[in-house]
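K.L.:
Would you mind keeping the following structure in view while I ask a few things?
Derivation of every value follows stated rules applied to the coordinates shown; laboratory data play no part. Fair warning: this is a prediction, and the values are worked out from it, not measured in the lab. All Cβ positions, glycine included, derive from the backbone under ideal geometry; neighbour counts span all protein chains shown.
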Amino acid sequence: MNKNRKNIYYEWISIITEIYNNLPDVPALTCPNCHKLGIDFQFIGDLQTKIGYMAIWCPFCLHGIHLSRVRIPDTTQAFSFDTSAEEISKRIPNFIHVKP
Ligand SMILES: [Zn+2]
């Protein structure tokens, strides 16, 4: 395991914590990969149970992570599982998934 790569993964995880702690007013977040400001995120899931997954990505270098089985906060706009793939792709770009 490349140590540096592992650190970048944990930096992405800490960004998620920051998003959860600051919703609905998430400050501009720095990308662990390219260091630009402007991390974006989207929750997708079951709007009744509020469980789903979360995509977090950098719109500049198109790196990010995907977390499954997360709690969807009430303070964020989430897509339901019924949302079409086309609709989701308009919101979430194809990005490279950073692995632990
Ligand atoms: Zn980036």
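K.L.:
List 66, 35 from most exposed to least, where exposure is judged by having the fewest other Cβ atoms within 10 Å.
P.N.:
35, 66
K.L.:
Based only on other Cβ atoms within 10 Å, what is the fewest-to-most ordering of 34, 58?
P.N.:
Ranking 34, 58 by Cβ neighbours within 10 Å, fewest first, gives 34, 58.
K.L.:
Toward the positive end of the charge dipole of the chain, about the Cα centre and with charges on Cβ (Lys, Arg +1; Asp, Glu -1), which of 56, 7, 37 goes farthest?
P.N.:
In the chain, that residue is 7.
K.L.:
Separate question: Normalising by the residue count of the chain, find the relative contact order in percent from Cα pairs under 8 Å and 6+ residues apart.
P.N.:
26
K.L.:
Enter the angle in degrees (range 0 to 90, nearest 10) between the Cα long axis of helix 3-22 and the first principal axis of the Cα atoms of the chain, meaning the one along which they spread out most.
P.N.:
It works out to around 40 degrees.
K.L.:
In addition: Using the Cα centre as the reference, give the magnitude of the dipole from point charges on the C-beta atoms of region 1-99 (Lys, Arg: +1; Asp, Glu: -1; all else neutral), rounded to the nearest 20 debye.
P.N.:
My answer is approximately 500 debye.
K.L.:
Reachable lysines from residue 6, Cα under 25 Å, same-chain residues fewer than 8 places away excluded?
P.N.:
Reachable lysines: 36, 99.
K.L.:
What list do you get for 62, 37 if you sort them by fewest beta carbons within 10 Å?
P.N.:
Neighbour counts put them in this order, fewest first: 37, 62.
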